[in-house]
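Written below as structure tokens is the structure these notes are about.
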Amino acid sequence: MKFNNLIVKDLSEHLRLITINRPRQLNALNRELIRELHDALEEAEKDPGIRAVILMGSGDKAFIAGADIKEFMHFTPEEGEQLSREGQQLLFDYVEQMGTPVIAAINGYALGGGLELALAAHIRIASEKARMGLPEVSLGVIPGYGGTQRLAQHIGKGRAMEMILTGKMIDARRAYDYGLVSEVTPHEKLLDVAVETAEAIMKNSPSAIALAIRAINSAYGRDGFKVESRLFGQAFATEDFKEGTTAFVEKRKPRFTGK
Ligand code: CAA
């Protein structure tokens with residue numbers, strides 16, 4: 001398959017690396033990229049020869065800096081809700097439910113939809129340069145790709161509440177302390193460590209791994225994701241959303257009124 005925004009490379013017989021390649025926009029997730037990631041992951045999932053996938057961002061700065069703000073800033077509430085629902089189904093839920101394990105190698109900023117993608121992956125490893133956060137409320141919106149649900153699943157409700165309400169970024173060490181990532185590596189060693197982890201997984205039975213992922217996922221309910229999409233859309237009707245997204249594009253601080 002040919003992709004405009006991805007580089008797909010097999011690192012060994014059973015291990016595939018998918019690099020998100022939109023570095024000038026810090027790998028921000030637009031609709032085309034979401035569709036391409038789905039297609040590339042589906043191709044890996046359906047290939048019995050592929051036993052693990054590593055996801056990484058291109059460039060030295062970002063894993064993924066979020067959903068593409070410039071793409072959605074003029075959407076209606078209905079379009080906002082649809083963006084969230086479709087993205088969740090096509091990419092975020094899809095990754096989580098894959099039988100082929102996916103490792104997020106977080107090489108820089110993982111913000112908004114970028115952290116949400118890492119949260120949907122089965123394992124997260126971070127470079128010491130990584131910065132993670134869900135800054136959506138600073139734009140007048142909320143996380144819409146499962147972040148309100150999965151962040152709390154990974155690090156607990158209290159810390160998730162703090163990260164989402166402050167919108168602040170945390171560094172890799174704090175992410176490790178929170179249990180958000182399982183390992184922190186020197187920046188230049190990140191891919192090697194992700195490969196070592198993949199190799200440890202690939203020694204085991206692929207069918208048992210797929211069953212283990214299903215069993216672990218079965219503990220978590222689905223209702224909250226629908227609520228998140230609805231409320232994500234609701235935010236698009238507010239003046240704060242217009243102000244927050246416009247301020248981002250104009251590179252200034254927003255002036256929120258609560259309307
Ligand atoms: N969407 C669209 N474009 C983005 C982007 C995003 N999420 N993040 C960065 N970019 C673009 C910038 O607009 C800029 O483009 P121009 O050169 O054309 O102006 C380019 O990438 C480089 O970014 P900066 O100049 O801002 O780089 P910086 O080093 O000064 O700052 C940053 C880096 C702190 C990551 C900053 O870019 C930033 O805050 N980005 C937005 C992060 C964010 O709010 N993410 C959440 C998005 S909303 C979301 O994800 C919703 C959801 O859950 C569904």
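The values are calculated or read from the model by the stated rules, or taken from the named source; none is laboratory data. Computed from a predicted structure; not experimentally measured. Neighbour counts are summed over all protein chains in view; Cβ atoms, including those assigned to glycine, are modelled from backbone coordinates with ideal geometry. For the accessible areas, the whole protein counts, side chains as well, though only heavy atoms, and no ligand, DNA or RNA atoms are used. Shrake-Rupley method; radii C 1.70, N 1.55, O 1.52, S 1.80 Å.
Any residue in region 234-256 that's more than 18 Å from E81 (Cβ to Cβ): show its pairings with residues that are assigned to a loop (DSSP other than H, G, I, E, B) and not basic (K, R) at Cβ separation under 6 Å, as long as the two are six or more apart or on different chains. Once the first residue is more than 18 Å from E81 (Cβ to Cβ) and sits in region 234-256, its partners that are assigned to a loop (DSSP other than H, G, I, E, B) and not basic (K, R) give E243/P254; A247/P254.
Of all residues in region 7-25, exactly one satisfies the criterion of being open to solvent by less than 50 Å² (accessible area, probe 1.4 Å), in contact (Cβ under 8 Å) with a residue 40 or more places away in the chain and closer than 11 Å to A65 by Cβ, namely I20.
Here's the yes/no breakdown for (1) open to solvent by less than 50 Å² (accessible area, probe 1.4 Å); (2) within 8 Å of the ligand (Cβ to nearest atom); (3) touching an Asp or Glu at 6+ places or on another chain (Cβ under 8 Å); (4) without any contact (Cβ under 8 Å) to a residue 12 or more places away in the chain:
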| residue | (1), (2), (3), (4) |
| --- | --- |
| F63 | yes, no, no, no |
| D68 | yes, yes, no, no |
| E71 | no, yes, no, no |
| T76 | no, no, no, no |
| L91 | yes, no, no, no |
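Number of residues in region 134-158 that are open to solvent by 10 Å² or more (accessible area, probe 1.4 Å) and either part of a helix (DSSP H, G or I) or within 6 Å of the ligand (Cβ to nearest atom) (or both): the value is 14.
Residues in region 62-84 that are assigned to a loop (DSSP other than H, G, I, E, B) and among the aliphatic types (A, V, I, L, M): A65, M73.
Take region 26-40 and flag every residue that is open to solvent by less than 60 Å² (accessible area, probe 1.4 Å), closer than 18 Å to V53 by Cα and either touching a strand residue (DSSP E or B) at 6+ places or on another chain (Cβ under 6 Å) or not aliphatic (A, V, I, L, M) (or both).
E36, H38, D39, A40 - these are the residues of region 26-40 that are open to solvent by less than 60 Å² (accessible area, probe 1.4 Å), closer than 18 Å to V53 by Cα and either touching a strand residue (DSSP E or B) at 6+ places or on another chain (Cβ under 6 Å) or not aliphatic (A, V, I, L, M) (or both).
Conditions tested, residue by residue: (1) within 16 Å of the ligand (Cβ to nearest atom); (2) at pLDDT below 95; (3) in contact with a Leu (Cβ under 6 Å, 6 or more places away or on another chain); (4) open to solvent by less than 90 Å² (accessible area, probe 1.4 Å).
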position	(1), (2), (3), (4)
M202	no, no, no, yes
G221	no, yes, no, yes
V227	yes, no, no, yes
V249	yes, no, no, yes
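Among the candidates V193, V181, the residue that is surrounded by 18 or more Cβ atoms within 10 Å (Cβ to Cβ), among the β-branched types (V, I, T) and outside any helix (DSSP H, G or I) is uniquely V181.
Figure legend. Inter-residue proximity from region 136-149: first residues among the aliphatic types (A, V, I, L, M), second residues near the ligand (Cβ under 6 Å from one of its atoms), beta-carbon distance below 6 Å, spacing 6+ or different chains. Indicated pairs: I142/E136.
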